[in-house]
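Here is the structure we will look at.
Every number in this text was worked out from the coordinates using simple rules, so none of it is lab data. Just so we're clear, the structure is a prediction, and the values are computed from it rather than from any experiment. Please note: Cβ atoms are built from the backbone with ideal geometry, for glycine as well, and neighbour counts cover all protein chains shown.
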Amino acid sequence: MNKSTIISIVLLAVLLTSCGQGAGTGRQASLTSGSGTPEILFTEYEHNFGQVKEGTKVSYLFHFENKGDGNLVIKSATTTCGCTVPSYSKKPIAPGKDGTLEVVFNTSGKHGMQTKTITVSSNAKVPVVILKITADVL
């Protein structure tokens, strides 16, 4: 076999292999990421709990909507401190649908004005969004 025949066979094998893999995973990929671009829009980016007694746990639900044309997937939500715990659905959110991200703030050992940030990472057009909570712990 000459060099061009070997290259043609290798290219054909790569093409057939990649087509076979794409056909099997295309449906799954479309369920998780959609064919368009998701866009996350929160109704509120900051929440003030006001005055709260030290030692209590307070929580808040941040509401958001997928305003884009692809499925939205929240990849992570991280906080500045272990006293603040976010939770959210790991399921894809279809275009036009909404969801929530709950933040629980434990005030134990905290005093005075507290500000905590929550960094939300997703597959949206703007991939990182910062949320903020504040509380005056008495």
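List of remarks:
- Taking amide H as placed 1.01 Å from N in the peptide plane, GLU46 has its amide H under 5 Å from the amide H of LYS132, each at least 5 places away in sequence or on another chain.
- When you filter the GluC sites (Glu not before Pro) in region 31-125 for DSSP loop state and at most 14 other Cβ atoms inside 10 Å of their Cβ, you are left with GLU44, GLU54.
- With a cut-off of 20 Å on the backbone N, the residues of region 108-135 near the modelled label site 7 Å out from THR37 along Cα-Cβ are 120-130.
- Segment GLU54-SER108, extension gain: residue separation times 0.36 nm, minus the distance between their alpha carbons: 18.9 nm
- Close amide H pairs (under 5 Å, H built 1.01 Å from N) link ASP69 with THR37, GLU39, residues at least 5 positions away or on another chain.
- Of the trypsin sites (Lys or Arg not before Pro) found in region 62-138, the ones in coil according to DSSP and having at most 16 other Cβ atoms within 10 Å of their Cβ are LYS67, LYS90, LYS97, LYS125.
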